[in-house]
Amino acid sequence: MTKSEINSPKDTQNTLKDRRSFLKKSTLATLSSLLGADIIHAATMPKDYIPVMLQADFDPMKGKSDGMIIRNEKPWNVEPAPHLLNDPITPFASIFIRNNGLIPEDVDAANWTLTIGGESVVKEKTYTLEELKKKFKSYTYQLTLECGGNGRAGFYPPASGNQWEEGAIYCSEWTGVRLKDVLADVGIKSDAVYIGYYGKDKHLNGDPSKVVISRGVPLSKAMQDESLLAWKLNGEDIPLAHGYPLRLVCGGWPASVSGKWLHKLVVRNQVHDGEKMMGDAYRVPKYPVTPGEKVPDEDMKIIESMPVKSIITYPKSGAMFGTSKKLTVQGHAWAGEHEVREMQVTTDFGATWRKCSLKKPVNRLAWQQWSIDLNFPQPGYYEIWAKATDDQGISQPMVIPGWNPKGYLNNACHRIAVKVS
Ligand SMILES: Nc1nc2c(c(=O)[nH]1)N[C@H]1C(S)=C(S)[C@@H](COP(=O)(O)O)O[C@H]1N2
Ligand SMILES: [Mo]
C-alpha cells in the first residue's frame with residue numbers, strides 16, 4: 001500500500017486515537033464549550049459518544065471551492081461533499097469518479113466497436129457504436145451507482161483503498177440499448193451463467209497487456225430490463241471520465257460492475273474470473289469476522305445487490321439556523337435491487353424517530369427522494385441522523401456494520417451537525 005492510497009498515515013492515526021480518547025473522557029460541559037453550544041438532547045446522547053462536529057474528519061470547509069474532494073490523483077479518484085448531491089438526477093459536476101487505472105486518452109468514438117464473445121456465445125460478433133444505436137430500441141433509466149467501498153473511511157482498523165466518506169454514490173439518467181436485446185441478437189448457449197467486461201483504460205504501470213479491471217454480473221442480472229449498454233448520461237455523450245463513448249451500466253450493484261470505455265463483453269459458462277473478481281476485491285466474508293482478521297479465500301463471497309442506505313443532502317453539515325426557522329431536511333435513499341419502504345430521522349441521538357415523506361422511485365433501481373420539516377425551538381447543537389428501511393424490513397445500522405478486509409458495504413446512518421442560534 002502506498003502512502004497516497006490512504007488518507008491517514010500512521011502518525012495521523014495515533015493523533016486521532018489520542019484525540020478520541022480525550023473526547024470520550026470529556027464532560028458534557030467540556031464538549032459544549034468545544035462545540036460552542038449546548039447539546040440539547042444530552043440526556044439521550046450515548047455515553048462516550050463523540051459529536052459529529054468534533055470528530056477528527058469533520059471539515060466545515062468541505063466542498064467550499066468546487067466541492068469535490070480528491071481521494072487520489074493517480075489514479076484519479078474524487079468524491080463530492082454530500083450537499084452537492086441534492087438533485088434527484090445527479091449532474092455531471094457532482095458525480096464521483098473512480099478509476100482503477102488511467103483514463104484512455106485516444107478514444108475514437110467514430111470507429112468504436114463492441115465485440116461480444118466468450119465460450120458461451122454461438123459465434124463472436126462485433127458491432128460498431130452506430131450499429132448498436134440503429135439496430136436496437138433505446139431506453140432511458142435513472143440508475144443508482146454506488147462504489148462498493150463508499151463509506152470505507154468509517155472502518156477501524158482502516159481498510160486500504162480510497163477513503164471514501166459519503167459521496168461515492170450517484171443516480172443519473174442513462175440512455176442506451178438493453179444488454180438482453182443485444183445478447184439475443186448474438187445468440188448465447190444454454191450453459192451461459194455470467195458476463196464479463198473489458199474497457200480501454202490503461203494499467204497504472206503502463207503495461208498495455210495488463211487488464212486494469214474486468215468484472216461482471218450473473219446472466220440473470222445482465223438480462224434485466226435496466227441493464228444497459230449506454231452512450232448517454234443525462235441526455236449527453238457520456239463524459240470521458242465516466243466511460244465515453246460506451247459503458248455497461250447495471251444499477252443497484254457495486255458500481256465496479258458497470259464497465260467504462262466498454263469495447264468487449266464475454267459470455268461465460270462459469271463465474272467470470274477477470275481482474276478484480278477474486279481474492280479480497282469486491283468480495284466480503286460469508287460470516288462476521290473480528291476486525292483485522294485474515295479471512296480464507298474460500299470464505300469470501302462476491303458482493304451483489306448493495307444494502308439499504310440513505311444520505312442527507314440538505315442542509316450541509318455544520319450549517320447554522322435561527323430558532324424561528326423551519327428546516328426542511330432532504331436527501332435520497334436506495335436499497336440495491338430493492339425499494340426503500342420507510343425513511344426516518346432522529347434529532348435526539350436515536351431516542352425518538354420521525355417518519356419522513358418518501359417518494360417512489362421513478363423506475364426500478366433509481367434512488368428515492370425524502371424530506372421532513374423540522375423545528376428547533378431551543379438554541380444549541382443538534383445532530384440529524386437518517387435511517388432508511390427497505391421493502392424486506394431491513395434498516396440501516398446506526399453503528400458501522402461488519403468489518404471486512406477491503407472496507408466494503410458501510411451503510412451506517414448518515415449523520416450531520418446543525419447549530420441553532
Ligand atoms: N473500465 C473501467 N470501468 C470501471 C472502473 C475502472 O477503473 N475501469 N472502475 C469501476 C468502479 S470501482 C466504480 S466505483 C465505477 C465508478 O464509476 P464513475 O467513475 O462513473 O463514478 O466504475 C467502475 N467501472
Ligand atoms: Mo468502486
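Considering only region 199-228, state which residues are buried (at least 21 other Cβ atoms within 10 Å of the Cβ) and in a strand (DSSP E or B).
Across region 199-228, the qualifying residues are Gly199, Gly216, Val217, Leu228.
Any idea how many residues of region 299-322 are modelled with pLDDT of 95 or more, out of contact with any helix residue (DSSP H, G or I) (no Cβ under 7 Å at 6 or more places or on another chain) and not in a loop (DSSP other than H, G, I, E, B)?
Here the count works out to 6.
With closer than 19 Å to Val121 by Cβ and buried (at least 19 other Cβ atoms within 10 Å of the Cβ) as the only criterion, which of Gly251, Gly243, Gly196 stands out? Even if it seems obvious, please write down each step before you answer.
Numbers: Gly251 fails: closer than 19 Å to Val121 by Cβ; Gly243 fails: closer than 19 Å to Val121 by Cβ.
One residue alone meets the criteria, Gly196.
Give me a count of the residues in region 135-180 that are within 15 Å of ligand 2 (Cβ to nearest atom), modelled with pLDDT of 95 or more and more than 16 Å from the chain's Cα centre (by Cα).
The qualifying residues number 0.
Counting only residues that are within 15 Å of ligand 1 (Cβ to nearest atom) and more than 30 Å from Pro157 (Cα to Cα), how many does region 260-304 have?
So the count comes out to 8.
Residue check, Val211 against (1) within 25 Å of Lys133 (Cβ to Cβ); (2) in contact (Cβ under 8 Å) with a residue 12 or more places away in the chain, all met but one. Which one?
(1)
What are the residues in region 133-172 that are in a strand (DSSP E or B) and within 13 Å of ligand 1 (Cβ to nearest atom), if any?
Step one: of region 133-172, the residues in a strand (DSSP E or B) are 138-146, 169-172.
Hits for region 133-172 are Leu143, Thr144, Leu145, Glu146, Ile169, Tyr170, Cys171, Ser172.
Assigned to a loop (DSSP other than H, G, I, E, B), of a type outside the set (Phe, Trp, Tyr) and within 18 Å of Pro88 (Cα to Cα): which single residue out of Pro361, Pro397 fits that description? So that I can check it myself, show each step before the final result.
Values: Pro397 fails: within 18 Å of Pro88 (Cα to Cα).
Result: Pro361 is the single residue among Pro361, Pro397 that is assigned to a loop (DSSP other than H, G, I, E, B), of a type outside the set (Phe, Trp, Tyr) and within 18 Å of Pro88 (Cα to Cα).
Go through region 398-421 and count every residue that is hydroxyl-bearing (Ser, Thr, Tyr) and closer than 26 Å to Gly322 by Cβ.
Let us first name the residues in region 398-421 that are hydroxyl-bearing (Ser, Thr, Tyr), namely 408, 421.
Those left that are additionally closer than 26 Å to Gly322 by Cβ: 421.
Total satisfying the criteria: 1.
From the residues in region 217-274 that are within 16 Å of ligand 2 (Cβ to nearest atom) and of a type in the set (Ser, Thr, Tyr), which one is nearest to Ile188 (Cα to Cα)?
Filtering first and then ranking leaves Ser258.
Quick one: would you say Glu166 is open to solvent by 40 Å² or more (accessible area, probe 1.4 Å) and touching a Pro at 6+ places or on another chain (Cβ under 8 Å)? Break it down stepwise before answering.
Details: open to solvent by 40 Å² or more (accessible area, probe 1.4 Å): yes; touching a Pro at 6+ places or on another chain (Cβ under 8 Å): yes.
Answer is yes for this residue.
The values are calculated or read from the model by the stated rules, or taken from the named source; none is laboratory data. Keep in mind that this is a model prediction, so the values were computed, not measured. Backbone-built Cβ (ideal geometry, glycine too); neighbour counts: all protein chains shown. Just so you know, the surface numbers come from the protein's heavy atoms only, side chains and all, with ligands and any DNA or RNA stripped out. Shrake-Rupley method; radii C 1.70, N 1.55, O 1.52, S 1.80 Å.
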